[in-house]
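Remarks on the structure that follows.
Bear in mind that the values in this text are calculations on the coordinates, not laboratory data. This structure is a prediction, so every number in the text was calculated from the model and none was measured. Backbone-built Cβ (ideal geometry, glycine too); neighbour counts: all protein chains shown.
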């Protein structure tokens, strides 16, 4: 049996609507909170990526410099060996003909 | 001081009266060790009977141009001496340093960085600890972030206090009438007008604990307690609150006794799913009606119950004055609360679990703080039948949420007397609270995603996101006959973190 002070069907419908509005409001706030956190996570992730990029770039520069130095060392040592290989037979000829090696 | 030298950022003011020379030297040396030079130290001798004190002060100034000494011609007390120092100050900010205390070596550097990050900060305070006579540190006080309600009840910001000189002067400086609680009086006036208050979560100040010092026991200076009460009363009147300040249960604490006569509110009593004790419900209804009459409140009483016809008919017979709000018997407690929020017709709503028993002062003490501008929710101090605390505010802490005071004695004052005063918290229990109806609606009430304590915590976070605060009342007591079931599965906590992120340290209950 209904009572004058209790909800009537019309007010029950509006109460249902009110409860639904609360639910949607809560979902909106929750979604906004999760989005904000996702943005923070993304910003942090991009910052990590940027740091790694800088590290890689530094590593590339260092590696390139080391490679260049290695190449230069190799070239010098190669010319030295070639020089010695060329001069060794000449020395041998000089010794046979003059008894003296090249200075 | 040369008029050509630029003014320092910090003016450290120290009133002196018959200080132990050893402690005096330690204090000055702690300033001289500061990692930044951007300070001046103004030592104000308030006519110390021991002439060696003034001589000692002058010896500091003789070798360090950053140190200045003022010798008052008459003894005026701590406020007068402090004001003498402030009158001589040239810095942007005044740092209050007591005569026998010490600053951490990088305190001014840390404070400077905090002020750089918050250019509109007018007041800053830090954490502190105590220094024994044998120079050992103990008693660290990790303070809450800015908590205006708590400041009313307790001078919790204490040391170190840093005030923008312009504002300090504008509010009239220290007042001698409040000596003993002159700092509390000053900081109440400052924070009423401060644009922003900053809390540095580091121990920057070491408070020397000697006999006769309030560092040991505020009761050692009982006149200070009364001076503080008068200062709080002044603040209440300046703010236009209908209330009176009285001493709290512990020396150095205060309570505001609110006058809410004539207020209109809705009181919602919720019988949760599975709660079928009609006597408990009737008891709560009777208690609410008595409390409302005693406090001259006009209430709209709403009872939310499952749609069992026998229960509803019985309620209509026993409580004809109440609006009965029947809900589906399988609806959750949070769904019932939301339906009540929708049905509320007043600006203020009180939510009570069935079985809650009020005292005469519960309703006014719950309602009063809601009149303060940014307070959305006030939670009661809930005591169980065993005489122990059931709830006194949540702590939203890393890897856990806590009801940190559960099972303590009903009159436990808590660490640093936190339970003796009204204080800001992360969330309150919905078993007994008062709220602004508009704010509950603005945040969507209780989330359908959560139940139990997780739902309470989620509500607190939503209100915080709105820029609103939740307050745990020390004096609005509710006795709960039946303890509400606590729903704390791990997955619920993970869902909460999924929404709000992992918790760090709780800003109000560190």
Given 0.36 nm per residue, what is the gain on full extension from residue B:5 to residue B:406 after removing their alpha carbon distance, in nm? 138.6 nm
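How much FRET efficiency would the formula 1/(1 + (r/R0)^6) give for residue B:316 and residue A:16, where r is the Cβ-Cβ distance and R0 is 30 Å, rounded to 0.05?
Working: r = 23 Å, r/R0 = 0.75.
Plugging the Cβ-Cβ distance into 1/(1 + (r/R0)^6) gives 0.85.
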When the chain is fully extended, how far beyond the present Cα-Cα distance does residue B:497 get from residue B:166, taking 0.36 nm per residue of separation? 114.9 nm
For segment B:334-374 and segment B:375-423, what is the separation of their Cα centres, given in Å? 18
By the C-alpha gyration tensor axes a ≥ b ≥ c (rounded if a/c is under 1.5, else prolate when a/b exceeds b/c, else oblate), the shape of the protein assembly as shown is oblate
Any idea what angle helix B:182-193 forms with the longest principal axis of chain B, computed on alpha-carbon atoms, 0 to 90 degrees, nearest 10? 60
Provide the packing ranking of B:130-139, B:250-259, i.e. peptides ordered by the mean count of other C-beta atoms within 10 Å per residue, highest first. B:250-259, B:130-139
Per-q log10 I(q)/I(0), segment B:336-446, q = 0.14, 0.15, 0.17, 0.18 Å⁻¹ (Debye; single scatterer per alpha-carbon; no solvent): -0.60, -0.68, -0.88, -0.98
Would you mind getting me the FRET efficiency between residue B:105 and residue B:226? Use the beta-carbon distance for r and R0 = 35 Å, nearest 0.05. 0.40
Residue by residue through B:441-449, how many Cβ atoms from other chains fall within 10 Å of the Cβ on average? 5
Chain B: radius of gyration over Cα atoms, expressed as a fraction of 2.2 N^0.38 Å: 1.10
Just from its helices, what would the mean residue ellipticity at 222 nm be for chain B, if runs of 4 or more DSSP H residues each count -39500 (n - 2.57) and the sum is divided by every residue, rounded to the nearest 500 deg cm²/dmol? -9500 deg cm²/dmol
Report the paramagnetic label zone for residue B:307: residues of segment B:319-351 whose backbone N is under 11 Å from a point 7 Å from Cα along the Cα-to-Cβ axis. B:326-331
Amide N of segment B:366-383 lying under 17 Å from the label point, which is placed 7 angstrom from the Cα of residue B:290 along Cα→Cβ: B:383
Theoretical gain in end-to-end length, residue B:388 to residue B:51 [0.36 nm per residue, Cα-Cα removed]: 115.8 nm
Enter the mean number of other protein chain beta carbons within 10 Å of the beta carbon of each residue in A:32-39, as an integer. 3
Treating the angle as unsigned and between 0 and 90°, give the value, to the nearest 10°, between the Cα long axis of helix B:490-500 and the longest Cα principal axis of chain B. 60
Return B:36, B:266 ranked ascending by Cβ neighbour count within 10 Å, so the fewest neighbours appear first. B:36, B:266
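Determine the shielding of peptide A:20-31 by partner chains: average, over its residues, the number of Cβ atoms on other chains within 10 angstrom of each Cβ.
What the average comes to for A:20-31 is 6.
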Distance in nm between label sites at residue A:71 and residue A:93, each 7 Å beyond Cα in the beta-carbon direction? 3.5
Rounded to 10°, Cα long-axis angle of helix B:51-63 versus longest principal axis of chain B: 80
What's the center-to-center distance, using Cα atoms, between segment B:443-470 and segment B:82-114 in Å? 40
Along Cα→Cβ, 7 Å out, is where each label goes; now give me the distance between the ones at residue B:345 and residue B:92 in nm to one decimal. 5.6
